[in-house]
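The values are calculated or read from the model by the stated rules, or taken from the named source; none is laboratory data. Keep in mind that what you see is a predicted model, and the values were worked out from it rather than measured. Every residue, glycine among them, receives a Cβ derived from its backbone with ideal geometry; neighbour counts consider all protein chains shown.
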Amino acid sequence: MSGVTIAPLHPSLGAEVTGIDLSKPVDEPMRQTLTRALADHLALVFHDQSLTPAQYLSAASAFGPPMEQHYSQHNMPDFPLIGLIWHRNGQQPAEQWHTDHTNRERPPAATILYGVEIPSAGGGTSVANMREAYARLPEDERRRLESLTTFNALDGHADTREEDRAKYDRPIEHPMVRTHPVHGSRAVYFHISKATHIAGMTPEASKLYMRELLDRTIDPAVVYHHRWRKGDVLIIDNRATMHRAHGDYDRSENRVLWRIIVEGDRPRLV
Ligand SMILES: [Fe+2]
């Protein structure tokens, strides 16, 4: 581990990791260090990486086995475990706060993004510390949230393939507060557009409550904003954060991120 440093980027979350070339194999002591760092800091940034798709998949595997992404029309043809985030193939930047793939029984532990082409201004990614958001709630609301669950499904992009709907569009129930399997702490957990409803509430009341909760709990004190540089790798801990993209960039420029998600546990509250 010689030469590796982990330096916080924001008072609430995020850390920059230096001294690692992710194109080289990650050994077991380093894997453990990075796993712990992700659980503690919730977002890890590695600058100046230069990765082939195969090297990128290998590095991502240090955080868990890469898993299939359900909008398979956007996956890299030769490396289908890598999704392409690129507005020119019809995608809109995901500007709403969310955590990924909650329609899966075991949603991804982490989402990993690699900056391949970066616009000259804007197009950042923000990550919110939902562990701290949970801790800041009044006690009676924490207790209420702990009793609630969401039902989740695909959130209906028009170009979703039938095979993806068949595999991934079944109702999946998750707690709205989950315990982090490595860190042991609790965090607010839901995806406002993949959650069809909260158990026992109408879809309308559910959305209203989730919207209001996001507005109330996410503020700059718990948000790390990542300004992309080409060659950055950003690793987001999905178990205790939400994230969003920013569409404030010139669409005549390219913004290309390669995305890998890695397997996680079934969310549970303990
Ligand atoms: Fe996302």
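Figure legend. Inter-residue proximity from the range 95-110: first residues touching a residue at least 60 places away in the same chain (Cβ under 8 Å) and acidic (Asp, Glu), second residues surrounded by 22 or more Cβ atoms within 10 Å (Cβ to Cβ) and part of a loop (DSSP other than H, G, I, E, B), beta-carbon distance below 7 Å, spacing 6+ or different chains. Indicated pairs: 100/107; 100/108; 100/238. Give the number of residues within the range 227-260 that are within 16 Å of the ligand (Cβ to nearest atom), of a type in the set (Gly, Ala, Ser) and either part of a loop (DSSP other than H, G, I, E, B) or over 19 Å from residue 92 (Cβ atoms) (or both). Of the residues in the range 227-260, 2 are within 16 Å of the ligand (Cβ to nearest atom), of a type in the set (Gly, Ala, Ser) and either part of a loop (DSSP other than H, G, I, E, B) or over 19 Å from residue 92 (Cβ atoms) (or both). The residues of the range 54-78 that are assigned to a helix (DSSP H, G or I) and more than 20 Å from residue 18 (Cα to Cα), listed by number, are 54, 72, 73, 74. Tell me, which residue of the range 195-226 that is touching a residue at least 60 places away in the same chain (Cβ under 8 Å) and part of a strand (DSSP E or B) is surrounded by the fewest Cβ atoms within 10 Å (Cβ to Cβ)? Once the filter is applied, the top-ranked residue is 225. Checking 99, 125 one by one, the residue that is under 21 Å from residue 36 (Cβ atoms) and within 11 Å of the ligand (Cβ to nearest atom) is 99 and no other.
Of all the numbered requirements in (1) more than 16 Å from the ligand (Cβ to nearest atom); (2) farther than 22 Å from residue 215 by Cα, residue 114 misses one, and that requirement is (1). If you check 51, 81 for being modelled with pLDDT of 95 or more, surrounded by 15 or more Cβ atoms within 10 Å (Cβ to Cβ), away from the ligand (no atom under 13 Å from the Cβ) and in a loop (DSSP other than H, G, I, E, B), only one passes: 51.
Would you confirm whether any residue within the range 20-32 is part of a loop (DSSP other than H, G, I, E, B), out of contact with any Asp or Glu (no Cβ under 8 Å at 6 or more places or on another chain), within 30 Å of residue 194 (Cα to Cα) and small (Gly, Ala, Ser)? Within the range 20-32, not a single residue is part of a loop (DSSP other than H, G, I, E, B), out of contact with any Asp or Glu (no Cβ under 8 Å at 6 or more places or on another chain), within 30 Å of residue 194 (Cα to Cα) and small (Gly, Ala, Ser).
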